[in-house]
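> Here you go, one structure.
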Amino acid sequence: MKIPVLMYHEIACRQDTASRLAVTPDAFASQLGYLRDEGFTTISVAELASALAGELGRLPKRPVVITFDDGFADFHGAALPVLLRYGFSATVFVTTGWIADAGPHTAGIRPGRMLSWSQIREAAEAGMEIGAHSHTHAQLDQLRPGTLRDELVTSKALLEDGLGRAVPGLAYPYGYSNARVRRVAHEAGYAHACAVGNIMAGPRQDAFALSRVTIRRSTSLATFGTIASGREAVLFLKDRSLTKGYALVRRTRALLTGVSRGA
Ligand SMILES: [Zn+2]
């Protein structure tokens, strides 16, 4: 059994963002309409993780996981109302240093208008799952151990304090992880983590490397249907090999730079 795990970023019109990952509100509504018409039921990442750990029998007939990375404000304005209209839920992975009113915890440069604490709480109360996406959106596989631990512990603690509930899920920024990152995530108290793989979640997946499929501006409804129904393998073969090639470049770079700096 394969379960599509969709990864979104912004839901915004072309004139409002230059990001090629931004899906327009119209396309997003069409995609959710497709999922509803095809009989899909959304499950959370936590439900996906427990299903993969052996509770497959409790899944709905056509499960799908909808996730959003970074914590853009348009999740609240453009995605949440459409999700609720269709009776769907989603998971939002929030970079805590980017939260609009992060105050003294502000870190890094926000890539756009980001969610505020009240909007994150409202999403949680509406049934959305909130997960962590590191504190500063760092490339976790490039960090020295103490910094890596801080990134993961800080974002989890801030979200748990701010929401008053456990936050067991993580998504690696850029999808970058390695065995060390996954181990530290486990030690930091996370129960599961999402990567980016362009292959779908299946029973043999590592709970700390759940694959997701990127939905981008150029994703047509036909392609979306192919992804949702599990026939995406051929479509993304090229994409996947590019990812692998780049991972090799990054590992080499880490060897050349990180080790010599004692990272
Ligand atoms: Zn991100």
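The values are calculated or read from the model by the stated rules, or taken from the named source; none is laboratory data. Remember, predicted model here, so these are calculated numbers, not experimental data. Note that each Cβ is placed from the backbone with ideal geometry, even for glycine, and that neighbours are counted across all protein chains shown. Each accessible area value is taken on the protein alone, full model and side chains, heavy atoms only, with ligands, DNA and RNA left out. Shrake-Rupley method; radii C 1.70, N 1.55, O 1.52, S 1.80 Å.
> How much length is gained on full extension from residue 229 to residue 113, taking 0.36 nm per residue of separation minus their Cα-Cα distance?
Roughly 38.5 nm would be gained on extension.
> Identify the trypsin sites (Lys or Arg not before Pro) of the range 150-196 meeting these criteria: DSSP loop state and at most 15 other C-beta atoms within 10 Å of the C-beta.
In loop regions of the range 150-196 (DSSP not H, G, I, E or B), the sparsely surrounded trypsin sites (Lys or Arg not before Pro) are 165.
> To the nearest 10 square angstrom, how much accessible area does residue 84 have with a 1.4 angstrom probe?
90 Å²
> Using r as the Cβ-Cβ distance of residue 149 and residue 121, and R0 as 25 Å, what FRET efficiency do you calculate, to the nearest 0.05?
Calculated transfer efficiency: 0.40.
> A follow-up question, please. I need the trypsin sites (Lys or Arg not before Pro) found in the range 47-95, filtered to DSSP loop residues with at most 13 other beta carbons within 10 Å of theirs.
Here the sparse-neighbourhood loop sites are 61.
> Now for a different question. What FRET efficiency comes out for residue 222 versus residue 84 if R0 is 22 angstrom and r is the Cβ-Cβ distance? Round to the nearest 0.05.
Computed FRET efficiency for residue 222 and residue 84: 0.25.
> Further question: Would you mind checking the range 211-231 for residues with the amide N under 19 Å from a putative spin-label position 7 Å along Cα→C-beta of residue 19?
It comes to 212-220, nothing else.
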